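Some notes on the structure that comes next.
The values are calculated or read from the model by the stated rules, or taken from the named source; none is laboratory data. Small disclaimer: the values here were computed from a predicted structure and weren't measured. All Cβ positions, even for glycine, are placed from backbone atoms using ideal geometry, and neighbour counts span all protein chains on display.
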Amino acid sequence: MDQYKPGYMGQVMPVDNVSKLTDFVVNKYEAFSKCYDAAKSQSEGISSVSATNNKDGDKSFSMKVDTDSKTMESIAESCKDKTDVSVSGNVITAK
């Protein structure tokens with residue numbers, strides 16, 4: 001269970017702002033789940049994650065991953081055939 005770090009959601013949810021939290025739950029949860037699924041097999045090498053560049057009302061979600069380049073390369077490789085998930089640098093984006 002430690003490998004999958006379910007605390008990722010707690011690191012990306014904007015709990016300090018009710019309207020942003022509602023937007024996350026209504027619009028971004030599915031995209032977050034895709035980002036999480038892309039990263040979870042490499043979670044042992046991930047220090048932390050954070051939400052980045054997410055506009056209210058938009059269904060896409062971007063998650064910055066704090067890890068080394070080898071781990072990000074593995075995540076990118078696992079996403080290469082997915083049309084709804086992309087990796088750029090250390091950011092995973094899902095639609």
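Points to keep in mind about this one:
- If the condition is being out of contact with any helix residue (DSSP H, G or I) (no Cβ under 7 Å at 6 or more places or on another chain) and among the hydroxyl-bearing types (Ser, Thr, Tyr), then region 42-95 contributes 47, 52, 62, 69, 83, 88, 93.
- Figure legend. Inter-residue proximity from region 63-85: first residues without any contact (Cβ under 8 Å) to a residue 60 or more places away in the chain, second residues surrounded by fewer than 12 Cβ atoms within 10 Å (Cβ to Cβ) and not basic (Lys, Arg), beta-carbon distance below 8 Å, spacing 6+ or different chains. Indicated pairs: 66/47; 67/47; 72/89.
- Comparison of 24, 61 shows that the only residue that is aromatic (Phe, Trp, Tyr), within 14 Å of residue 95 (Cβ to Cβ) and out of contact with any Leu (no Cβ under 7 Å at 6 or more places or on another chain) is 61.
- Matching residues, region 39-69, being more than 8 Å from the chain's Cα centre (by Cα) and either of a type in the set (A, V, I, L, M) or in a strand (DSSP E or B) (or both): 46, 48, 66
- Contact annotation: residue pairs with Cβ atoms under 9 Å, 6 or more positions apart or on different chains, pairing a residue in region 23-37 that is more than 18 Å from residue 82 (Cα to Cα) with a partner that is part of a helix (DSSP H, G or I) and modelled with pLDDT of 90 or more, are 24/32.
- Restricted to region 2-18, and to residues there that are outside any loop (DSSP other than H, G, I, E, B) and at pLDDT 65 or above, the residue that is farthest from residue 37 (Cα to Cα) is 18.
- Residue in region 78-85 that is closer than 22 Å to residue 24 by Cβ, part of a loop (DSSP other than H, G, I, E, B) and either among the acidic types (Asp, Glu) or touching a Pro at 6+ places or on another chain (Cβ under 8 Å) (or both) present: yes
- Being at pLDDT 90 or above, within 14 Å of residue 8 (Cα to Cα) and of a type outside the set (Lys, Arg) holds for only one residue in 24, 32, and it is 32.
- Scanning region 53-74 for residues that are closer than 21 Å to residue 26 by Cβ, polar (S, T, N, Q) and modelled with pLDDT of 90 or more yields 60, 62.
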